[in-house]
Amino acid sequence: MKLRVVVLGAGFGGLELSTLLSEALAERLDLTLIDKNDSFFFGFSKFDVMFGRKTPDAVRLAYRNIVKPGVRFRQETITAIDPEARRVTTNKGAYQADVLVIALGADYDQAATPGLSEGGNEFYSFSGAERLREVLPTFTKGRAIVGVTSTPFKCPPAPSEAALLLHDYLTAKGVRDACEISLVMPFGVPIPPSPASSRALLATFAERGINFVPNRLVRALDPRRRIAILDDESEMPYDLFLGVPKHRVPEVVAASDMTEDGWIPVDRKNLKTRFPGVYAIGDVTSVGTPKAGVFSEGAARVVAASLIAEIQGGELPTAYTGAGSCYVEFGIDRVGRVDVDFLSGPSPTGSFIEPSVALVGEKQHFGSSRRARWFGL
Ligand SMILES: Cc1cc2nc3c(=O)[nH]c(=O)nc-3n(C[C@H](O)[C@H](O)[C@H](O)COP(=O)(O)OP(=O)(O)OC[C@H]3O[C@@H](n4cnc5c(N)ncnc54)[C@H](O)[C@@H]3O)c2cc1C
């Protein structure tokens, strides 16, 4: 008998899980992978798009390239999830699963920040990054703010990277001296679990004249006065606002009765939800790691290993550790690396590898190896 798996969402988590199950189970697997989009893109490729380094088409990886034994991709929009019955409805049909995996990521709620859509920009969605391709060339002088509006948010180093890459972009255009860059972050330092990487980032901000505003969120924009209002009611004038919008689960997850305090709770050790046969991985959960692709992938590995062990009778995997490596763009063609572990010990730990050209190559390999594994490209 084949194992009937339905995987909702073909992002980092869904792609890694489908790949691992296909490799191990092949003809014993009957897996349906569902996503509303026709293609995947890495979170970090939004920087390539917004700063005009690559075209949107160049960073898209089409799902039609997925050819794996036991796996079928369906481009459909999920409209209802019944976790009790392990039944999923889409705009085109319905699916019944033995094992259901929710890997639907995090959506954005721009309207939660008054003034953001009228008077600012966000760089977290693909369409936001595409719009910024047109906006950034028009910014030649004045005040730029990169600002976080809410927690949790994906890839905590990303706002710092955006500020550093904006510095490079304006320098290359010859207008950096006419511009100010500020970074508004809800933490006291850029990457709290890794003091060494935070020190390196703060030193780099100081060197490049980037004003770091710690322990603050941007609560609203006043587009008429071109003012950002922070959560302590202080005001910062801006001419260009690059925002990280409020995150939330996709609408269909919110309507499914699976969330608590906004996200899907899971057993940290094995990513099981409270519904038998239903797992949740990645950004859609409140597992206790930051929302980043490497952690979604790590969670997928634990779920895959336990399903494979159940079928093949092998050993169950050790508990999920919430460990992973994040590459951090330092600008001027240098990349650093933070190795973090969120769940093994009593508190998160992180170590830092200094920015270098060698790590630029390692980050490229991170992308190309997944392109090859997931899409055969
Ligand atoms: C600017 C930026 C830079 C980043 N840099 C990095 C980085 O360097 N390293 C890193 O590890 N992470 C990075 N990230 C974070 C990373 O992109 C996400 O954390 C990661 O994609 C989460 O994976 P996931 O599988 O949980 O969800 P996702 O990859 O978001 O996948 C969820 C999928 O579900 C689909 N979906 C949602 N709702 C529906 C529906 N109703 N019907 C059908 N399909 C649906 C979506 O289309 C999507 O494909 C970055 C993010 C940003 C914004």
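Using the scaling law 2.2 N^0.38 Å as the reference, what is the normalised Cα Rg of region 163-212?
1.20
Sort all Cα-Cα distances of region 76-127 into consecutive 5 angstrom bins from zero, then give the percent of pairs in each bin up to the one containing the longest distance.
4, 15, 20, 15, 10, 12, 13, 8, 3, 0
Per 0.36 nm of contour for each residue apart, how much would the distance between Arg60 and Glu134 grow if the chain were fully extended, relative to their Cα-Cα spacing?
Taking Arg60 through Glu134 to full extension adds about 24.7 nm, to one decimal.
Report the FRET efficiency, 1/(1 + (r/R0)^6), for Ser117 and Met1, where r is their Cβ-Cβ distance and R0 is 45 Å, rounded to 0.05.
0.35
Based on C-alpha coordinates, I'd like the Rg and Dmax of region 279-323, in Å.
11.0, 32
Pull out the extension gain between Ser369 and Glu251, defined as 0.36 nm times the separation in residues minus the alpha carbon to alpha carbon distance; nm, one decimal.
Net length gain for the segment: 39.3 nm.
Which shape class applies to region 192-281: rounded if a/c is under 1.5, otherwise prolate when a/b exceeds b/c and oblate if not, where a ≥ b ≥ c are the square roots of the Cα gyration tensor eigenvalues?
Taking the square roots of the gyration eigenvalues as a ≥ b ≥ c, region 192-281 is oblate.
Where the centroid of each part is defined by its Cα atoms, how far is region 222-238 from region 259-296 in Å?
Each part's Cα centre sits 35 Å from the other's.
Classify region 224-360 from the C-alpha gyration tensor, please: rounded if a/c falls under 1.5, else prolate or oblate depending on whether a/b exceeds b/c.
Here region 224-360 falls in the oblate category.
Which value, in Å² rounded to 10, gives the accessible area of Ile332 with a 1.4 Å probe and all protein chains present?
For Ile332, the solvent-accessible surface is approximately 100 Å².
Accessible area per residue of region 152-218 at 1.4 Å probe, in Å²?
Each residue of region 152-218 exposes 36 Å² on average to a 1.4 Å probe.
What does the helix-only formula give at 222 nm for the chain: each DSSP H stretch with n ≥ 4 adding -39500 (n - 2.57), the total divided by the residues, and the result rounded to the nearest 500 deg cm²/dmol?
-8500 deg cm²/dmol
Full-extension gain between Thr89 and Leu316, please, as 0.36 nm times their residue separation minus the C-alpha to C-alpha distance.
So the extension gain works out to 78.6 nm.
What list of whole percents do you get for P(r) of region 97-148, with Cα-Cα distances grouped in 10 Å bins up to the one holding the largest distance?
The distribution over region 97-148 is 17, 44, 20, 11, 6, 2, given as percents.
Based solely on C-alpha atoms, express the radius of gyration and the Dmax of region 1-141 in angstrom.
Cα-based Rg and Dmax for region 1-141 come out at 18.2, 65 Å.
Using only the Cα atoms of region 121-243, what do you get for the radius of gyration and for Dmax, in Å?
When restricted to the Cα atoms of region 121-243, Rg and Dmax are 13.8, 40 Å.
Among the listed pairs Lys54/Lys291; Lys36/Lys291; Lys54/Lys141; Lys36/Lys269; Lys92/Lys154, give every one whose C-alpha distance is greater than 27 Å.
Result: Lys36/Lys269; Lys92/Lys154 exceed 27 Å.
Pull up the DSSP beta bridges for the chain and report the antiparallel fraction as a percent, rounded to 5.
Antiparallel: roughly 50 percent of the beta bridges in the chain.
Would you work out what percent of the accessible area of region 113-187, with all protein chains in place, is carbon or sulfur (probe 1.4 Å)?
Exposed carbon and sulfur together represent 51 percent of the surface.
Quick one: among Glu315, Glu180, Glu362, which has the greatest mean-square fluctuation in a GNM of the chain with alpha-carbon springs under 10 angstrom?
Glu315
With all protein chains present, how much of the accessible area of region 203-290 (probe radius 1.4 Å) comes from carbon and sulfur, to the nearest whole percent?
Exposed carbon and sulfur together represent 47 percent of the surface.
If you take the Cα Rg of region 124-166 and divide it by 2.2 N^0.38 Å, with N the number of residues, what do you get?
Cα Rg divided by the expected 2.2 N^0.38 Å: 1.25.
Would you compute the Debye intensity of region 61-150 from its alpha-carbon atoms alone, equal scatterers and no solvent, and pass along log10 I(q)/I(0) at q = 0.23, 0.24 Å⁻¹ to two decimals?
-1.22, -1.28
Could you give P(r) for the chain, binned at 10 Å from zero, as whole percent values over all Cα-Cα pairs?
5, 23, 32, 25, 12, 3, 0
Distance between Cα centroids, region 75-99 to region 105-156: provide it in whole Å.
Region 75-99 and region 105-156 have Cα centres separated by 32 Å.
Where the centre of each part is set by its Cα atoms, how far does region 1-55 sit from region 320-377, in angstrom?
19
The values are calculated or read from the model by the stated rules, or taken from the named source; none is laboratory data. Quick caveat: nothing in here was measured; it's all calculated off a predicted structure. With ideal geometry, Cβ positions are generated from the backbone for all residues, glycine too; neighbour counts draw on all protein chains shown. Remember, those area values only see protein heavy atoms, side chains included, never the ligands or the DNA or RNA. Shrake-Rupley method; radii C 1.70, N 1.55, O 1.52, S 1.80 Å.
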